[in-house]
Amino acid sequence: MLTKDELPICPVATTVQLIGNKWKLLIIRNLRMEDKQRFNQLLKTIPGISQKVLTENLRAMEADGLITRTVYPEVPPRVEYALSDLGNSMRPIMDAMEIWGRNYQELVRSASAE
């Protein structure tokens, strides 16, 4: 989690700092659709992301308290990622982004049909 001194003054800047890259948004999108996902599931369903970038973003999101990482003591080890309570509190934001994106897509499609 960010420390008090690391928090931007602006609340919007705080949100952007936490989820302001496309990979984090797509990770949240995937975990919003399914309660839990394993690393390889996330990797397969986020086109263009590398293992390294996925790992870095998952670690950052875990450190910020947005996701949880559960390791099961099996051979081979099974690791699952899920939205934390804090991450789940972003559902309305993601829902609004989905609605806005759908409306924009419809606008573009109707404009190109004319």
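Just a few scattered comments:
- Restriction of the GluC sites (Glu not before Pro) in region 16-70 to DSSP coil positions whose beta-carbon has at most 14 other beta-carbons within 10 angstrom yields Glu34.
- Furthest towards positive pole of dipole, Gln41, Leu7, Gly101, structure part the chain, Cβ charges: Gln41
- When the chain is treated as a Gaussian network with alpha carbon springs shorter than 10 Å, the biggest mean-square fluctuation among Leu83, Leu42, Leu66 belongs to Leu42.
- Nearby lysines by direct alpha-carbon distance to Lys52 (threshold 19 angstrom, same-chain neighbours under 8 apart not counted): Lys22, Lys24, Lys44
- Remark: region 65-72, residue by residue, has Karplus-estimated 3J(HN,Hα) of x, 7, 10, 10, 10, 10, 9, 9 Hz, where x stands for each Gly or Pro and the curve is 6.51 cos²θ - 1.76 cosθ + 1.60 at θ = phi - 60°.
- Here the scattering of region 9-66 is modelled by Debye summation over its C-alpha atoms, one equal scatterer each and no solvent; at q = 0.13 Å⁻¹ the log10 of I(q)/I(0) is -0.32.
- Ordering of 99-110, 17-28 by packing is 17-28, 99-110, highest average first (other Cβ atoms within 10 Å, averaged per residue).
- For Lys36 and Ile9, the difference between the fully extended length at 0.36 nm per residue and the C-alpha to C-alpha distance is 6.4 nm.
- Shape category assigned to the chain from the gyration tensor of Cα positions, a/c cut at 1.5: oblate
Every read-out reported here was derived from the displayed coordinates using simple, explicitly stated rules and does not represent laboratory data. Every value quoted in this text rests on a predicted model; they were computed, and no experiment measured them. A quick note on method: Cβ atoms are made from the backbone with ideal geometry, for glycine too, and the neighbour counts reach across all protein chains shown.
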